[in-house]
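Undergrad: The structure follows.
The values are calculated or read from the model by the stated rules, or taken from the named source; none is laboratory data. Note that the structure is a prediction, hence the values are computed from the model and not measured. We place every Cβ from the backbone using ideal geometry, glycine too, and count neighbours over all the protein chains shown.
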Amino acid sequence: MSDWTTSSDPALLRILATTTATPDLGATERCYAEWLGYRTIERGWVDPSLARSWGTPAAAGARFCTMVPRGESDVFVRLVETPAVPGYRALTTFGWNAFEIIVDDVPRLAEEIRSAPFEVIGAPRPLQFMPSIVAMQVVGPAGECLYFTMESGDRETSILPRPSGFVGRTFIVVAGGPDFDRMLRWYVDHFRLRERPVRQSKVKVLQDAQGLGPDETVSLSAIGMKQHGNLIELDGYPVGPDRIAGPRPRAPGHLPPGNAMVSFEVADLTPFAAMAIIPPRPRPESAYGGRHACTLLGPAGELIELVEML
């Protein structure tokens, strides 16, 4: 299915890494290894210069690990140990709110993780507008929200990427904010992302998390990067009286809790250097491989790391 409404040459090539901030690094790493089959390729402590590039100086010295999904070697999941934030709840604050992971068989995964430290907040079900796509939603041990998604129809023509194993890579990242139109224009104008129709959608996990009525909708659209199947979903969160969505609390100087940051690959950092928290510099850690990187602040307060392709 192809429903692009614009054609462009996106500056964001693909999702390179997602970063989750967790109060218990060991527990989250064990969960991802045991239940998702992810493999740890690096452990260490956040370098002060890297923490400064994120605008989170207090993260210097924090323990981290970097993991890869089965069958992948150049797409990463990074876990960074960060102080717990009392009262934080997934899907109720602005910024990155979910990482969506391609899997081979969602119903089977749902059965296998019954005893895992994941809270299922959305059982497997077909998508409203694309019923061949089946997804489920969970909250993980760090308070992070993960969507697990599969193509149950023809994978040759699907808009989804093929899974590299039973549980594969992140292919969609979801940002929520109070001003949907501003978010959409910011991403499209800065990164030339391909647009799809904007839909008014009932999203049960958001309705449940934010106490919205069963008939309330949110503005939603998925915008495309250069590599097939790599998308950013934008969700417009209802705000105002009797609404609970708001800015994400965080420990001073640290990463936001849960879904903390997304790293994207770009061909050239030059157009974005002036927007960076600090100027780009080469990074030796495994997720970068010596390449230059910098971090921007998005329209809903989300951290956007850009890594230059060699």
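Undergrad: Identify all residues within the range 147-159 that are surrounded by 22 or more Cβ atoms within 10 Å (Cβ to Cβ) and of a type in the set (A, V, I, L, M); write none if there are none.
TA: Result: Met150, single match.
Undergrad: So which pairs qualify, if the first residue must be in the range 118-129 and within 19 Å of Glu144 (Cβ to Cβ), the second must be of a type in the set (Lys, Arg), the Cβ gap must be under 8 Å, and the two must be at least 6 apart or on different chains?
TA: Short answer, once both residue conditions are applied: Gly122/Lys204.
Here is a yes/no grid of residues against (1) of a type in the set (D, E, K, R); (2) without any contact (Cβ under 8 Å) to a residue 40 or more places away in the chain; (3) at positive phi:
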position: Phe191; (1), (2), (3): no, no, no
position: Glu195; (1), (2), (3): yes, no, no
position: Val198; (1), (2), (3): no, yes, no
position: Lys202; (1), (2), (3): yes, no, no
position: Leu206; (1), (2), (3): no, no, no
position: Leu212; (1), (2), (3): no, yes, no
position: Ser219; (1), (2), (3): no, yes, no
position: Gln227; (1), (2), (3): no, no, no
position: Leu231; (1), (2), (3): no, no, no
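Undergrad: Here's another thing I want to ask about it. Kindly indicate which of Arg185, Arg199, Arg169, Arg194 is modelled with pLDDT under 95 and under 30 Å from Ser8 (Cβ atoms). Step through it out loud before you land on a result.
TA: On the way: Arg185 fails: modelled with pLDDT under 95; Arg169 fails: modelled with pLDDT under 95; Arg194 fails: modelled with pLDDT under 95.
Just a single option satisfies the conditions, and that option is Arg199.
Undergrad: OK, next. Might you check whether a residue that is assigned to a loop (DSSP other than H, G, I, E, B) and of a type in the set (Phe, Trp, Tyr) occurs anywhere in the range 249-265?
TA: Let us first name the residues in the range 249-265 that are assigned to a loop (DSSP other than H, G, I, E, B), namely 249-257.
Then drop every residue that is not of a type in the set (Phe, Trp, Tyr), which leaves none.
No - not one qualifying residue is present in the range 249-265.
Undergrad: For Gly258, indicate whether it is of a type outside the set (Lys, Arg) and touching a Gly at 6+ places or on another chain (Cβ under 6 Å).
TA: Working: of a type outside the set (Lys, Arg): yes; touching a Gly at 6+ places or on another chain (Cβ under 6 Å): yes.
The answer is yes for Gly258.
Undergrad: Further, regarding this structure: Given the options Ala59, Ala84, name the one that is crowded, with 23+ Cβ neighbours inside 10 Å and over 21 Å from Lys204 (Cβ atoms). Break it down into steps so the answer makes sense when it comes.
TA: Values: Ala84 fails: crowded, with 23+ Cβ neighbours inside 10 Å.
None of the other options fit; the residue is Ala59.
Undergrad: Test of understanding: among Pro141, Pro163, Pro131, which residue is in contact with a helix residue (DSSP H, G or I) (Cβ under 7 Å, 6 or more places away or on another chain) and either closer than 29 Å to Gly298 by Cα or not in a strand (DSSP E or B) (or both)?
TA: Details: Pro163 fails: in contact with a helix residue (DSSP H, G or I) (Cβ under 7 Å, 6 or more places away or on another chain); Pro131 fails: in contact with a helix residue (DSSP H, G or I) (Cβ under 7 Å, 6 or more places away or on another chain).
None of the other options fit; the residue is Pro141.
Undergrad: Search the range 132-145 for residues that are within 15 Å of Asp24 (Cβ to Cβ) and pair each with any residue that is in a loop (DSSP other than H, G, I, E, B) and hydrophobic (A, V, I, L, M, F, W, C) when their beta-carbon atoms are under 6 Å apart and the residues are at least 6 apart or on different chains.
TA: Val139/Ala90; Gly140/Phe118; Gly143/Ala90
Undergrad: Please find, among Val75, Val120, the residue that is more than 20 Å from Val218 (Cα to Cα), surrounded by fewer than 23 Cβ atoms within 10 Å (Cβ to Cβ), touching a Leu at 6+ places or on another chain (Cβ under 8 Å) and not acidic (Asp, Glu).
TA: Values: Val120 fails: touching a Leu at 6+ places or on another chain (Cβ under 8 Å).
Testing whether each residue is more than 20 Å from Val218 (Cα to Cα), surrounded by fewer than 23 Cβ atoms within 10 Å (Cβ to Cβ), touching a Leu at 6+ places or on another chain (Cβ under 8 Å) and not acidic (Asp, Glu) leaves just Val75.
Undergrad: Could you list, in sequence order, all residues of the range 56-111 that are modelled with pLDDT under 95 and either hydroxyl-bearing (Ser, Thr, Tyr) or not in a loop (DSSP other than H, G, I, E, B) (or both)?
TA: Ser73
Undergrad: Can you name the condition, by its number, that Ala274 falls short on among (1) assigned to a helix (DSSP H, G or I); (2) crowded, with 18+ Cβ neighbours inside 10 Å; (3) of a type in the set (A, V, I, L, M)?
TA: Here Ala274 clears every test but (2).
Undergrad: If you don't mind, there's one more thing I want to ask. Regarding the range 284-291, can at least one residue be identified that is among the aromatic types (Phe, Trp, Tyr), touching a strand residue (DSSP E or B) at 6+ places or on another chain (Cβ under 7 Å) and part of a loop (DSSP other than H, G, I, E, B)?
TA: Looking for residues that are among the aromatic types (Phe, Trp, Tyr), touching a strand residue (DSSP E or B) at 6+ places or on another chain (Cβ under 7 Å) and part of a loop (DSSP other than H, G, I, E, B), one finds at least one in the range 284-291, hence yes.
Undergrad: How many residues, within the range 1-32, are over 20 Å from Ala51 (Cα atoms), assigned to a loop (DSSP other than H, G, I, E, B) and not charged (D, E, K, R)?
TA: Of all residues in the range 1-32, those over 20 Å from Ala51 (Cα atoms) come to 1-15, 26-32.
Keeping just the survivors that are assigned to a loop (DSSP other than H, G, I, E, B) gives 1-11.
Narrowing the set further to residues that are not charged (D, E, K, R) leaves 1-2, 4-8, 10-11.
Residues that pass the stated criteria total 9.
Undergrad: Go through the range 175-215 and count every residue that is more than 20 Å from Ala135 (Cβ to Cβ) and either part of a loop (DSSP other than H, G, I, E, B) or not aromatic (Phe, Trp, Tyr) (or both).
TA: Going through the range 175-215, the residues more than 20 Å from Ala135 (Cβ to Cβ) turn out to be 177-195, 211, 213, 215.
Now restrict to residues that are either part of a loop (DSSP other than H, G, I, E, B) or not aromatic (Phe, Trp, Tyr) (or both): 177-179, 181-185, 188-190, 192-195, 211, 213, 215.
The qualifying residues number 18.
Undergrad: Going by the conditions given, is Arg43 part of a strand (DSSP E or B), surrounded by fewer than 16 Cβ atoms within 10 Å (Cβ to Cβ) and not polar (S, T, N, Q)?
TA: Values: part of a strand (DSSP E or B): yes; surrounded by fewer than 16 Cβ atoms within 10 Å (Cβ to Cβ): yes; not polar (S, T, N, Q): yes.
The answer is yes for Arg43.
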